[in-house]
Amino acid sequence: CMQWMKNILSCSEIIYFAQTAWTTTGSHKYIPVTKECLTLNHFAWWRELIANYLKNNSNSKVLQGKSLILWWWFFLNPYTEEKNIGYISAILQKESGILWTLFREPSEEIAFWHDWDKKIAQIIETCKNENITSMWWVTSRWLVLMEELLKKTRKKNILEIRPNFSLYISWGLNFEPYRNYFEKLFPSTQVQFYQAYNASEWFFGIQYSNEST
């Protein structure tokens with residue numbers, strides 16, 4: 001299938017292969033991704049999540065600023081030498097369209113860097129004057145970025161740097177072990193914490209209200 005053999009797993013054109021990020025076997029899986037998979041599943045459920053958040057928080061300022069998202073990257077296909085293998089977050093960024101690009105940070109160039117330390121330093125530098133109102137992605141990675149941001153700015157919490165911040169979406173991991181720490185980073189009821197489970201294989205679940213977990 002990765003050699004572009006047709007009509008093996010899907011009658012639709014396979015445009016990417018999503019590489020799994022975590023596995024219990026120690027080896028990666030490569031999930032075929034089609035346009036229908038992105039449109040009818042991944043993007044559809046992200047829209048549902050945002051719609052539910054806005055329904056539950058009608059006074060939110062989240063749409064007045066930008067989203068900061070820590071994407072992963074692409075790899076070369078060993079059979080075709082094309083960069084069509086990637087983590088699902090990288091694929092979603094690549095296919096999300098020009099309108100979404102206007103409301104997110106960092107740029108695609110920075111987002112696809114493999115070097116995490118370099119990426120985090122560059123994000124802090126390039127986004128320092130942006131009105132960031134939401135953040136999405138795996139919580140453990142965000143802790144590293146936010147600790148660096150607080151160290152660099154010498155502030156006590158993130159709201160001193162991002163006063164209009166409204167929404168944090170935890171992607172893939174259970175947010176509850178991190179909740180107390182995040183509540184200290186964002187000490188205000190204006191900030192809501194939502195969870196989503198978007199895996200390489202499928203989008204499995206979203207949070208429907210401010211109270212649910």
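The values are calculated or read from the model by the stated rules, or taken from the named source; none is laboratory data. Worth saying up front: this structure is predicted, and the values here are computed from it rather than measured. Using ideal geometry, Cβ is built from the backbone for each residue, glycine included, and neighbour counts are taken over all protein chains shown. Surface areas here come from the heavy atoms of the whole protein model, side chains and all, with no ligands, DNA or RNA. Shrake-Rupley method; radii C 1.70, N 1.55, O 1.52, S 1.80 Å.
Brief remarks on what is shown
- To the nearest 10, the accessible area of Thr80 is 40 Å² with a 1.4 Å probe.
- Heavy-atom SASA rank of Tyr168, Tyr197, Tyr30 (probe 1.4 Å, accessible area, largest first): Tyr197, Tyr30, Tyr168
- Each of Ile123, Thr133, Leu76 was placed along the dipole of the stretch 15-145 (beta-carbon charges, centred on the mean Cα), and the one lying farthest toward the positive end is Thr133.
- All alpha carbon pair distances within the stretch 169-213 were sorted into 5 Å bins beginning at 0; the resulting P(r) in whole percents reads 5, 22, 28, 25, 12, 6, 2, 0.
- Heavy atoms of Ser212: accessible area, 1.4 Å probe, square angstrom to 10: 40
- Take every Cα pair under 8 Å whose residues are at least 6 apart in sequence, average their separation, divide by the length of the stretch 30-128, and the relative contact order is 24 percent.
- Candidate lysines - alpha carbon under 30 Å from Lys66, same-chain residues fewer than 8 apart omitted: Lys35, Lys55, Lys83, Lys94, Lys118, Lys119, Lys128, Lys151, Lys152, Lys155, Lys156, Lys184
- Positive-end residue, the stretch 94-166 charge dipole about Cα centroid, Cβ charges, pick of Ser107, Leu145, Pro163: Pro163
- Accessible surface of Ser58 - all protein chains present, 1.4 Å probe, nearest 10 Å²: 100
- The 1.4 Å probe gives accessible areas that order His42, His114, largest first, as His114, His42.
- Look at the Cα gyration tensor of the stretch 28-108: its axes a ≥ b ≥ c give a/c of at least 1.5 with a/b over b/c, and that counts as prolate.
- Rounded to the nearest 20, the size of the Cβ-charge dipole of the chain about its Cα centre is 560 debye, with Lys and Arg at +1 and Asp and Glu at -1.
- Remark: C-alpha extents of the stretch 82-213 on the principal axes read 45, 34, 26 Å, sorted largest to smallest.
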